[in-house]
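Inspection log for the structure reproduced underneath, given as structure tokens.
Every read-out reported here was derived from the displayed coordinates using simple, explicitly stated rules and does not represent laboratory data. What you see is a predicted model; the values in this text were computed from it and never measured. Glycine also receives a Cβ, built like all others from the backbone with ideal geometry; neighbour counts cover every protein chain displayed.
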Amino acid sequence: MARVVLCAWGSYGDLFPYIGIALELKRRGHRPLLAHSEFYRTLVEGLGLEFHAVPPDIDPQDKAFIALALSTQGPKVLFSRIAASVRESYAAIDAACGDADLVVTHPATPAAPLVAQKRGLPWVSTVLAPISFLSAYELPLFPPYWLAHLYRRLGPGFAGAIVKAGKWTTTRWVAPVQALRAELGLPPAPNPIFDGQFSPLRTLALFPRVLAEPQPDWPANVDRTGFVSYSGPDEMPTPLVEFLDAGPPPVVFTLGTSAVGLPGTFFEESAKACELAGVRGVLLVGRYDAERPTNLPSGVIAVDYAPHAELFPRAAAIVHQCGMGTLSQALRAGKPQLAVPFANDQPDNADRVNRLGVARVCYPGRYGSSRVAAHLRELLDRAQYGTSAKAIGLTVSREDGATAACNALEEVLRSSIRRPS
């Protein structure tokens with residue numbers, strides 16, 4: 001069977017979909033290999049999957065890294081860091097592809113397409129969120145948000161000019177990638193942050209289909225697989241199970257796997273909001289002892305982590321940062337949501353679930369107990385939120401992203417020959 005090298009980079013949320021795909025590939029008899037930062041080796045190998053370390057290495061629990069990733073300059077600094085390490089990344093991925101039949105790329109692995117093209121291997125690109133398509137017909141939400149809404153109202157012609165400006169502005173960020181491409185003797189290609197990341201063979205959109213319809217300026221050969229549901233190897237903590245069994249469904253508060261490292265007063269305000277709204281609460285506080293809230297009111301429990309796929313269906317509502325993994329599990333659970341987006345794709349994701357009628361939005365700077373309690377009462381008391389969330393949950397729960405993604409990969413394997421792509 002086929003050797004499939006899956007390349008990814010970033011947080012746990014960036015890794016989990018590829019673990020889900022790799023596990024399904026292995027179940028089908030293929031030989032998947034995950035290429036990612038050394039930090040994740042123990043997790044991946046513990047699942048019985050092969051792993052190959054690729055720089056730049058990161059510690060997703062490092063607070064300096066989290067602060068950088070969530071800052072307004074985060075995309076620029078992170079992509080510049082990735083580009084600066086492209087030669088080391090290329091060498092590592094090339095070593096991993098010695099017996100590869102297919103390469104799968106992540107939006108932040110610009111060295112991977114170079115390896116595939118140089119080796120003449122078929123490759124399939126992936127995106128985790130609609131923002132990666134940067135469509136002028138459905139312009140993503142970005143700061144300043146009021147201006148982005150104005151650009152949308154001016155139509156795709158004007159929005160297209162904004163898109164072009166963004167692509168031009170970021171050209172300098174990835175200059176080392178384009179320089180390496182030229183040295184390898186590969187033909188010129190568009191900006192690897194945008195059009196250059198997409199394979200001519202297939203692009204897998206690994207997010208729930210309800211979040212975005214195909215647009216005229218999407219790349220060719222996009223396959224909307226739906227969400228790949230994998231939320232880690234952790235089990236539900238016994239105290240949490242006992243808490244859930246002892247009363248009505250609680251509101252779950254989580255900041256995913258990144259923002260949880262710098263929560264500010266999020267958990268304290270959340271606990272107070274539960275008191276004000278008259279609801280029970282579950283706080284997923286991460287493994288940062290310094291950030292663990294104290295003196296919680298009765299009816300509120302704090303635990304490090306719980307698998308979202310098991311916890312969310314037992315919630316009354318879910319308050320989260322709108323990372324795609326957390327958001328997708330919340331949609332699948334069919335629960336109303338309060339979106340608290342921090343940065344990167346999160347504001348656009350929040351805007352999309354708000355437009356679906358299943359969520360309200362509260363930005364971190366406005367996150368206080370009184371406001372959050374009011375949002376929660378709206379979400380729980382207005383039937384339209386629960387009705388819409390349940391209907392969309394049924395739709396999303398029918399998706400099997402891992403199966404659809406592996407079907408697409410096998411189709412590419414069957415139809416491809418080893419030639420420069």
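Numbers at a glance
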item: Difference of contour (0.36 nm per residue) and Cα-Cα distance, residue 172 to residue 292; result: 39.1 nm
item: Derived scalar couplings ³J(HN,Hα) [region 136-143; Karplus, 6.51 cos²θ - 1.76 cosθ + 1.60; whole Hz; x for Gly, Pro]; result: 6, 8, 8, 4, x, 7, 9, x
item: Segments 212-225, 313-326 sorted - mean Cβ within 10 Å per residue, highest first; result: 313-326, 212-225
item: Helix axis angle, 383-397 relative to the chain longest principal axis, alpha carbon, degrees; result: 30
item: Rounded if a/c under 1.5, otherwise prolate or oblate - region 65-118, Cα gyration tensor axes; result: prolate
item: Residues of type aspartates and glutamates that residue 76 reaches as a straight line, Cα spacing below 20 Å, ignoring anything fewer than 8 places off in the same chain; result: 14, 57, 59, 62, 88, 195, 345, 348
item: Cα-projected label distance for residue 384 with residue 146, points at 7 Å along beta-carbon direction, nm; result: 2.5
item: Three-way shape call for the chain based on the alpha-carbon gyration tensor, with the a/c threshold at 1.5; result: prolate
item: The chain: relative contact order in percent, alpha carbon pairs under 8 Å with at least 6 residues between; result: 17
item: Förster-model FRET efficiency, 41 Å R0, residue 59 and residue 158, C-beta, rounded to 0.05; result: 0.50
item: From phi via Karplus (6.51, -1.76, 1.60), per-residue ³J(HN,Hα) for region 209-217 in Hz, x at Gly/Pro; result: 4, 5, 7, 7, 8, x, 10, x, 9
item: Between helix 346-355 and the chain: long-axis angle, C-alpha atoms, 0 to 90°, nearest 10; result: 60
item: Additional length obtainable on full extension of the chain from residue 413 to residue 394, 0.36 nm per residue less Cα span; result: 3.7 nm
item: Förster radius 45 Å - calculated FRET efficiency between residue 213 and residue 309 (Cβ-Cβ, nearest 0.05); result: 0.95
item: Amide proton proximity set for residue 50, modelled H, under 5 Å, gap of 5+; result: 34
item: Placed amide H near residue 229: partners under 5 Å, 5+ positions off or other chain; result: 401, 402
item: Amide proton proximity set for residue 222, modelled H, under 5 Å, gap of 5+; result: 203
item: Whole-Hz couplings from phi, Karplus 6.51/-1.76/1.60, listed for region 360-375; x for Gly and Pro; result: 10, 10, 9, 6, x, x, 10, 7, x, 4, 5, 5, 5, 4, 5, 4
item: Taking region 238-397 and dividing mean pair separation by its residue count, relative contact order in percent (alpha carbons under 8 Å, at least six apart); result: 23
item: Förster-model FRET efficiency, 30 Å R0, residue 370 and residue 68, C-beta, rounded to 0.05; result: 0.45
item: Cα gyration tensor category, rounded, prolate or oblate, for region 238-397 with a/c compared to 1.5; result: rounded
item: Pairs beyond 31 Å (Cα-Cα), from 63/164; 272/335; 63/167; result: 63/164
